[in-house]
Amino acid sequence: MTLIQRMSKLAGCSTAALMVFAGAASAEMTDEARAFLTEGGIDAAIIEQASTAATTDLDVPQEWIDKAAEEGAIDFSTNDTPDHVAAWLPVFQARYPNIDIVATETSGAARAIQPLLGYKAGSLVRHILVSFEGSLPDFIEADALAELDDLPAWDGVPEERRAANGTYAGMQNTTWCLAYNKDEVSADELPATWWDLMAEDGPLSGGRVGAANRAQLWTLNLWTHPDYGPKRMTNELLPAFFDNLKPQLRKEGISGISNLMLVGEFDVALPAPNDETEELMETGAPVGWHCPEPVPQYFNLIGMFRDSPTHYSSKVFINWILSQEGQMVRYVAGGDGPVHKDLQIDGAAALGAEFAGKDIALRTIEGLTVGLPELYKVWNPLWSNSGGPGK
């Protein structure tokens, strides 16, 4: 049973939407949070760090808490599963018992596009949004997002992972590297850098790597990295990926290529996320995970609509999510990688030992909106001309 499964079982909930009456405003870690993190296997030093940080992260004005108690339930659009929500919400509940939350699992258009259309039509169907990166330009154009830069936990979000005007912030990281079959790949075959992986006659060339058609998850990060960049990616690394590495170009998605790696279709799955790979490893499967430098990573966003009837409740809730306490609770509950600048350490993220201290190639908002269309102009023909299947 994985860490996520253990915590979800403890929570014991399977509904798609939950009503919770959630915390008291104590500016220190609650006993419930401490017990939850301890039972989840978090190192005592990290728990103490988060507890100390709570005195500033969670120093929410009493006025906000008083006004929040007078508001209705927050309608929270999330990509968390019901079990995931059920694991972390009781911990939030221990701190803010007078804030009501309806957390509804959504995906695709229901997560971002439909709430934005409702907002523009004057009908607010969601109050808080997550993972709306693909629609961010539309939210900016509509001036739909409220400012969050007065949150006590705001400064814990790295500047490159939050809006300069304070209207959105990163809430969790995902790191994308190589998953490999430990029975087939030796440690000395693992590349130190992406250049090493693509080297002519490299040890993993000739079909040993199975690649999904997901350029936006790792090559975009290199496209915008100063040591790689569009010119070198176009003229050197991407041609070497197809011509030197010669991976198997697969139609399967992320979970699919990792499963095929396990059954022997190939030895290495690219790309592979840290959280899902850790779950595979916890089953006892002979899986390893390795990060060439620079390490591809991206962050998912959180924001709230302007003119929300739960303005203060939403601010208190988002502040908790961005705090070290909230970040670590969500990591234990569902494997979400903390975005907080002081939690980029081993033991605070799934498989963090593989990338803590390494050079990070961050997928930025500008990379998504400006760089990705340019990358696709190079990637898509190379993929197609090399025999890659369509999505």
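The values are calculated or read from the model by the stated rules, or taken from the named source; none is laboratory data. Computed from a predicted structure; not experimentally measured. Don't worry about glycine lacking a Cβ; one is built from the backbone with ideal geometry, like all the others, and counts go over all protein chains shown. Protein only, heavy atoms only, side chains kept; ligands, DNA and RNA dropped before computing areas. Shrake-Rupley method; radii C 1.70, N 1.55, O 1.52, S 1.80 Å.
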*What is the Cα centroid distance between the stretch 131-206 and the stretch 305-362, reported in whole angstrom?*
13
_Just the number please: accessible area per residue for the chain, 1.4 Å probe, all protein chains included, in Å²._
40
_Take D346 and E189, extend 7 Å from each Cα along the Cα→Cβ direction, and tell me the distance between the two endpoints in nm._
2.5
*If the cut-off is a Cα-Cα distance under 23 Å, which lysines reach K341, setting aside same-chain residues fewer than 8 apart in sequence?*
K315, K358
*Along each of the three principal axes of the Cα atoms of the stretch 272-389, give the extent in whole Å, ordering the values from largest to smallest.*
53, 40, 26
*So what does the Cα-only Debye profile of the stretch 105-207 read at q = 0.10, 0.18 Å⁻¹, as log10 I(q)/I(0), no solvent term?*
-0.52, -0.87
*May I ask you to list the aspartates and glutamates whose Cα is less than 16 Å away from that of K182, ignoring any residue fewer than eight positions away on the same chain?*
E265, D267, E278, E279, E282, E354
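Using helices alone, I'd like the mean residue ellipticity at 222 nm for the chain: each DSSP H run of four-plus residues gives -39500 (n - 2.57), total over residue count, nearest 500.
-10000 deg cm²/dmol, from helical runs alone.
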*Quick one: with all protein chains in place, what share of the accessible area of the stretch 256-310 is carbon or sulfur, to the nearest percent (1.4 Å probe)?*
44
*Run the accessible area of the stretch 109-166 with a 1.4 Å probe and give the carbon-and-sulfur part as a rounded percent.*
46
*Taking amide H positions as placed in the peptide plane 1.01 Å from N, state which residues far from R162 in sequence (5 or more) or on other chains have amide H under 5 Å from it.*
G170
_Cut-off under 29 Å on the C-alpha distance; same-chain residues fewer than 8 positions from K377 excluded. Which lysines are left, in chain and number order?_
K231, K246, K251, K391
_Let me check against my output: what whole-number percent is the relative contact order of the chain, with C-alpha pairs under 8 Å and at least 6 apart?_
25
